[in-house]
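Peer 1: Before I ask anything, let me first share the structure, which is written out below as structure tokens.
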2 protein chains.
Amino acid sequence: MTFSEEKYSDEPTRVQQLVKDFFSDQSGADVGADGLPVTLALGADAKDDCAVYDIGAPVTLVVGSDYIRGPKFILYEMGLLSNFDIGYYLAAANISDVAAMGATPIGLLSVIRYPHELDDAGFQDVVAGVHQACTDFGTLNVGGDIGNAERLILSGTALGICPPGKTLKRSGARPGDLLCVTGTCGLLGAAVAYFPKRDSFTHTLPADVEKELLDSWRKPRARVAEGRVLAQKSFATSCQDTSDGLKATIEQIMHASGVGFRIDERNVPVAPAVRMVAELMKVEPLALTMSASSDFQLTFTVAPDDVSACRAEFTDLGLDFHVIGEATEERGARGLDGERSRPLPGVAWKHQKSDISLLASEPSDP
Amino acid sequence: MTFSEEKYSDEPTRVQQLVKDFFSDQSGADVGADGLPVTLALGADAKDDCAVYDIGAPVTLVVGSDYIRGPKFILYEMGLLSNFDIGYYLAAANISDVAAMGATPIGLLSVIRYPHELDDAGFQDVVAGVHQACTDFGTLNVGGDIGNAERLILSGTALGICPPGKTLKRSGARPGDLLCVTGTCGLLGAAVAYFPKRDSFTHTLPADVEKELLDSWRKPRARVAEGRVLAQKSFATSCQDTSDGLKATIEQIMHASGVGFRIDERNVPVAPAVRMVAELMKVEPLALTMSASSDFQLTFTVAPDDVSACRAEFTDLGLDFHVIGEATEERGARGLDGERSRPLPGVAWKHQKSDISLLASEPSDP
């Protein structure tokens, strides 16, 4: 089976084909001026989470922008997420991109455009959510753009810093490296699969499980501390956040690094709440775990010799990770369930077409 | 007459009241980490065009985000602006904010979310417009966020660099400083006033004038070279771009600096095309010149002793500016038409309520 980018990514591939000429040969460009030394270390051609600037010693600057569907989140439309929640999510999603590069956030610019229908309290709640997330992740909301629009529109830009040469990329995984993830995935996807169809299932879930599912959206955690350890101690050979879901993340690291992955399915942590939703949906719990879900975990690779030291550092900081597979020379990502090898279960986030409901009808085939 | 912020700014004032507690005490904050020296020189509390970071010597970083109405521009909806044009505008508007700080752009992040209805060629045209503007203004489109949405959504973030201590702020104008503008204002506003009502006027304008009006939208120019001279030679005591229109810009510098302005109305350059549209509208040409219009000129103040040297530098670079007034101890902005003093004509951009059509019915009163 030949691995092709088209197979796992429809709309991003189309986009890349259309615009690639505009973004070629950026990385490494001298963008300084007036004697100020600035190099664009990673540009759009690097296809990473953020652009990276070397701005004189001793600081590397990382910057990335993320638009947030916010008001179009189904759980927001259902009234299960508040204006505060989508503001919080806006900041967390952007800061997660900085964390995935191993950088420490130094600021967030937030674009909050709102319609006449959003009253003062609602608008204030959005900003309060952004502010709370910035506080929780140790940074400041340093500006952006606030004004009216036809509907609520949320976007952001996060800035971070890193010692030179320490940023984490998607492209450094080598065959033999161990694949790791900082925690369970799929909770946000499970919440989206559960609540809109809640009344059509055979039964509803206990209140504490429902709360856990909603809390995954209300208080997503950008893994800033984890990213910093992985970068500054040079543990990780590649890293990306799981904002498109675990399967998509694995496939993107695989593609960027030019390796394959063999996943030990038994080692992929599955949250009990995800398992419960999967049972209601009559789908495989692992498939729901690996499908589109913006959990903002970090997925990364570590050389086998470094795993113990990395574990010790994480433990010292009260952090955790799971080894879930191994990078291979052979391309493609395969799941290993005992002796049986198979295509990875789950539905990767494909922007235009993917839908968690495809889980039941469309078996994935990378 | 007491000057009050509320009088010239409804929605921004409301916004500031609602969120000011979230943004207090940012400027000057130490936001470094891990021994990396980073200070947030200007944060959201500074209410300037961009945030400013001091990231170790010898570079100051400037960064700002602007959402662009693009697809809601009336001239785009009328088919007079193309997808390329609104992409170009997106980049120009963001780079203009960096130019207004006196910084040299080092990159643009662009958020381009598009609907199913936008075909490949249309999407590619948006990106091509962004790319062309970046090229024209000497920088790179280093990334951002591309994906689908319910409608075309455009936003951007521009980054720039400046020697430490050289950034231009809105807040430095002193009584006696001369008020200057880099060129004519009001062309974009005149285009919006003209084309939607074109067939209801007594006559239409010559083809070359109509082209000039449309070109003001198609190829807006961020004043990067002008901003750099003003900053690096320390000529300007304050500076802002006219993205909200000349009147609004004057009022914002006035408010930030704690001064007033006396405008010599006869020295404000009025473009012939603006004059022609004003005649059709039966409004004062100067009012149309000063009203809401994103011309991206720079408005700045210079100490009287520095005007000659500033003029010489501009001339050497093939650049121009006009002295249009003087900063005063007394607050408020007044127009001086010969001996007659009056409130500044024109309608400042007020986000929610302002409309160029108010020109005819609602005399401005600062």
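The values are calculated or read from the model by the stated rules, or taken from the named source; none is laboratory data. This is a predicted model, so every value here is computed, not measured. Here Cβ is always computed from backbone atoms with ideal geometry, including for glycine, and neighbour counts include all displayed protein chains.
Peer 1: Which of the residues that make up the stretch A:102-113 are more than 7 Å from every other protein chain (Cβ to nearest Cβ) and over 19 Å from residue B:47 (Cα atoms)?
Peer 2: A:102, A:103, A:105 - these are the residues of the stretch A:102-113 that are more than 7 Å from every other protein chain (Cβ to nearest Cβ) and over 19 Å from residue B:47 (Cα atoms).
Peer 1: So which residues in the stretch A:219-233 are closer than 21 Å to residue A:80 by Cα and surrounded by fewer than 19 Cβ atoms within 10 Å (Cβ to Cβ)?
Peer 2: Result: A:219, single match.
Peer 1: Sticking with this structure for a sec: Scan (1) touching a residue at least 24 places away in the same chain (Cβ under 8 Å); (2) within 22 Å of residue B:228 (Cα to Cα); (3) within 8 Å of chain A (Cβ to nearest Cβ) for the single condition residue B:116 breaks and write down its number.
Peer 2: Answer for residue B:116: the failing condition is (2).
Peer 1: Please count how many residues of the stretch B:119-129 are assigned to a loop (DSSP other than H, G, I, E, B) and at the interface with another protein chain (Cβ under 10 Å from one of its Cβ atoms).
Peer 2: Kept after step one, since they are assigned to a loop (DSSP other than H, G, I, E, B), are these residues of the stretch B:119-129: B:119.
Keeping just the survivors that are at the interface with another protein chain (Cβ under 10 Å from one of its Cβ atoms) gives none.
Qualifying residue count for the region: 0.
Peer 1: What single numbered condition from (1) touching a His at 6+ places or on another chain (Cβ under 9 Å); (2) within 11 Å of chain B (Cβ to nearest Cβ); (3) modelled with pLDDT of 75 or more fails to hold for residue A:91?
Peer 2: With respect to (1) touching a His at 6+ places or on another chain (Cβ under 9 Å); (2) within 11 Å of chain B (Cβ to nearest Cβ); (3) modelled with pLDDT of 75 or more, residue A:91 is out only on (2).
Peer 1: Are there any pairs, at least 6 apart or on different chains, whose C-beta atoms fall under 8 Å, with the first in the stretch B:170-199 and free of Cβ contacts under 8 Å to residues at least 60 places away in the same chain and the second surrounded by fewer than 24 Cβ atoms within 10 Å (Cβ to Cβ) and among the polar types (S, T, N, Q), and if so, which?
Peer 2: Going by the 8 Å Cβ cut-off, the qualifying pairs are B:198/B:204.
Peer 1: I would also like to ask the following. If I ask for residues that are aromatic (Phe, Trp, Tyr) and part of a helix (DSSP H, G or I), which ones from the stretch B:192-227 would you list?
Peer 2: Listed by number, the residues that qualify are B:194, B:195, B:217.
Peer 1: Right, here's the next one. Please indicate, with yes or no, whether at least one residue in the stretch B:205-214 is more than 16 Å from the chain's Cα centre (by Cα) and crowded, with 24+ Cβ neighbours inside 10 Å.
Peer 2: Scanning the stretch B:205-214, I find at least one residue that is more than 16 Å from the chain's Cα centre (by Cα) and crowded, with 24+ Cβ neighbours inside 10 Å, so the answer is yes.
Peer 1: Right, here's the next one. Just need a number here: residues in the stretch B:218-232 that are in contact with a helix residue (DSSP H, G or I) (Cβ under 6 Å, 6 or more places away or on another chain) and not aliphatic (A, V, I, L, M).
Peer 2: The total comes to 4.
Peer 1: Which of the following residues is closer than 23 Å to residue B:324 by Cα, out of contact with any Lys or Arg (no Cβ under 6 Å at 6 or more places or on another chain), among the aromatic types (Phe, Trp, Tyr) and at pLDDT 95 or above: B:235, B:195? Can you show your working first?
Peer 2: Details: B:195 fails: closer than 23 Å to residue B:324 by Cα.
Only one candidate qualifies: B:235.
Peer 1: Follow-up. Looking at the stretch A:310-327 only, could you name the residues that are in a helix (DSSP H, G or I) and not aliphatic (A, V, I, L, M)? Even if it seems obvious, please write down each step before you answer.
Peer 2: Filtering the stretch A:310-327 for residues in a helix (DSSP H, G or I) gives A:310-316.
Residues satisfying the conditions are A:310, A:311, A:313, A:314, A:315, A:316.
Peer 1: Every residue in the stretch B:265-274 that is touching a residue at least 60 places away in the same chain (Cβ under 8 Å), within 10 Å of residue B:336 (Cβ to Cβ) and surrounded by fewer than 16 Cβ atoms within 10 Å (Cβ to Cβ), please.
Peer 2: Result: B:266, single match.
Peer 1: For residues that are within 14 Å of chain B (Cβ to nearest Cβ) and of a type outside the set (Asp, Glu), scanning just the stretch A:235-264, find the one that is surrounded by the fewest Cβ atoms within 10 Å (Cβ to Cβ).
Peer 2: Per the criteria, the residue is A:243.
Peer 1: So which of B:283, B:277 ends up being of a type in the set (Val, Ile, Thr), over 17 Å from residue B:262 (Cα atoms) and crowded, with 24+ Cβ neighbours inside 10 Å?
Peer 2: B:277
Peer 1: Could I ask something else about it? Please enumerate the residues belonging to the stretch B:254-309 that are part of a helix (DSSP H, G or I) and out of contact with any helix residue (DSSP H, G or I) (no Cβ under 8 Å at 6 or more places or on another chain).
Peer 2: Looking only at the stretch B:254-309, we keep the residues that are part of a helix (DSSP H, G or I), and these are B:254-257, B:265-267, B:272-281, B:285-290, B:304-309.
B:254, B:256, B:257, B:266, B:267, B:304, B:305, B:306, B:307, B:308, B:309 - these are the residues of the stretch B:254-309 that are part of a helix (DSSP H, G or I) and out of contact with any helix residue (DSSP H, G or I) (no Cβ under 8 Å at 6 or more places or on another chain).
Peer 1: Grab the strands (runs of 3 or more DSSP E) fully contained in the stretch B:25-73, keeping just those with 2 or more residues being at pLDDT 80 or above, crowded, with 24+ Cβ neighbours inside 10 Å and within 9 Å of another protein chain (Cβ to nearest Cβ).
Peer 2: B:60-68
Peer 1: Could you grab the pairs with beta carbons closer than 6 Å, sequence gap of 6+ or different chains, first residue in the stretch B:302-325 and within 13 Å of residue B:236 (Cα to Cα), second one of a type in the set (S, T, N, Q)?
Peer 2: So the pair list comes out as B:321/B:182.
Peer 1: Among the listed residues A:106, A:86, identify the single one that is assigned to a helix (DSSP H, G or I) and within 30 Å of residue A:120 (Cα to Cα). Give the steps one after another, and end with the answer.
Peer 2: Values: A:106 fails: assigned to a helix (DSSP H, G or I).
Result of the check over A:106, A:86: A:86.
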